[in-house]
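First up is the structure itself, then whatever we jot down about it.
The values are calculated or read from the model by the stated rules, or taken from the named source; none is laboratory data. Keep in mind that what you see is a predicted model, and the values were worked out from it rather than measured. Please note: Cβ atoms are built from the backbone with ideal geometry, for glycine as well, and neighbour counts cover all protein chains shown.
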Amino acid sequence: MNRGLKLSIITVTLNSGKHLEETIKSVLSQDYKKFEYIIIDGGSTDNTLDIIKKYEQHLACWISEPDRGMYDAMNKGIARATGDIVGIINSDDYYFPGAFSKVADAFMDESLDQYIFWGDIMQGDDLTLGWRPWNLKRGAFAPHPSMFCPKKIYDRIGTYTLDYKVLGDYDFMYRAIHKYGIKPLYLHEPVAFFRPGGLASKNILPALKDELHVKLKYGQPFTVAYPMFLLKVIKNSPNIIRNWKMSKTGVRSQEPE
């Protein structure tokens, strides 16, 4: 086991009292102990800050201040990270036991400026593969809690753009692989649980539009990207329509595929 690498784990929060403690416990209970934990809060008004203060002795740092959205908060966390590898776990998701050890072992003999780690992830009861090479041209990536990225790569290629409300993480992954040639370091084991019903699931059509924009921005031909966009709109049309009908009730639909 590689005990030399330090991990920086970041959680961004905003009124996350319902599930935050479960997230924190999943980080602090890891058997790999060479990590720092950073929480970036966007100015919560529920009991989120009480939960953070309960565990603040275990945190490298935490802040609570207004931000420009989730990706701005992630960038604030990355700027404060001092570890070799950065993992970002949502405030309603959690890591499985042993996840950090698996990440450290995977990087044992690998360069920290050439590889990004992806593990598999549970989305509710469904297993999503962290890396799907057959979907590479489609630009399909697993949710970001399955990813651990060396700090050197963030320093070299940049962090999360604020141009996209929903898919800033998708832009980063696509940029890393397709523009900078970063290689995947893939472990075919689940490392995290991703709770369905997040931001993308409530904004399916905007997310698909952002995905199209990212692909075109990084050079995918329009003749390839646009037909795929139309196919995904058609495939997700029941959920897009459901979201439109239920927008005033807050009912959640399914993640776009």
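Here are the numbers for this structure:
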{"item": "Checklist (1) of a type in the set (Lys, Arg); (2) over 30 Å from PRO97 (Cβ atoms); (3) at pLDDT 90 or above applied to LYS183, failing item", "result": "(2)"}
{"item": "Scope segment 159-184; condition surrounded by fewer than 20 Cβ atoms within 10 Å (Cβ to Cβ) and in contact with a strand residue (DSSP E or B) (Cβ under 7 Å, 6 or more places away or on another chain); matching residues", "result": "LYS183, PRO184"}
{"item": "Matching residues in segment 138-186 - criterion: being out of contact with any Phe, Trp or Tyr (no Cβ under 9 Å at 6 or more places or on another chain) and over 18 Å from PHE229 (Cβ atoms)", "result": "LYS151, LYS152, ASP155, ALA176, TYR180, GLY181"}
{"item": "Qualifying residue in segment 144-158 (condition: closer than 20 Å to ALA106 by Cβ, part of a loop (DSSP other than H, G, I, E, B) and within 15 Å of the chain's Cα centre (by Cα))", "result": "no"}
{"item": "Subset tally (residues that are of a type outside the set (A, V, I, L, M, F, W, C) and under 21 Å from PHE35 (Cβ atoms)) for segment 161-185", "result": "1"}
{"item": "Hits in segment 161-186 - residues which are among the acidic types (Asp, Glu) and either part of a loop (DSSP other than H, G, I, E, B) or touching a Lys or Arg at 6+ places or on another chain (Cβ under 9 Å) (or both)", "result": "ASP163, ASP171"}
{"item": "Subset of segment 37-50 [on the phi < 0 side of the Ramachandran plot and either in contact with a Gly (Cβ under 6 Å, 6 or more places away or on another chain) or surrounded by fewer than 16 Cβ atoms within 10 Å (Cβ to Cβ) (or both)]", "result": "ILE38, ILE40, THR45, ASP46, ASN47, THR48, ASP50"}
{"item": "Residues of segment 100-138 classified as in a strand (DSSP E or B), out of contact with any Gly (no Cβ under 9 Å at 6 or more places or on another chain) and in contact (Cβ under 8 Å) with a residue 40 or more places away in the chain, total", "result": "6"}
{"item": "Restricting segment 92-128 to residues that are modelled with pLDDT under 95 and hydroxyl-bearing (Ser, Thr, Tyr), the residue that is nearest to HIS19 (Cα to Cα)", "result": "THR128"}
{"item": "Considering residues of segment 195-244 that are of a type in the set (Lys, Arg) and more than 25 Å from LEU162 (Cβ to Cβ) only, the residue surrounded by the most Cβ atoms within 10 Å (Cβ to Cβ)", "result": "ARG242"}
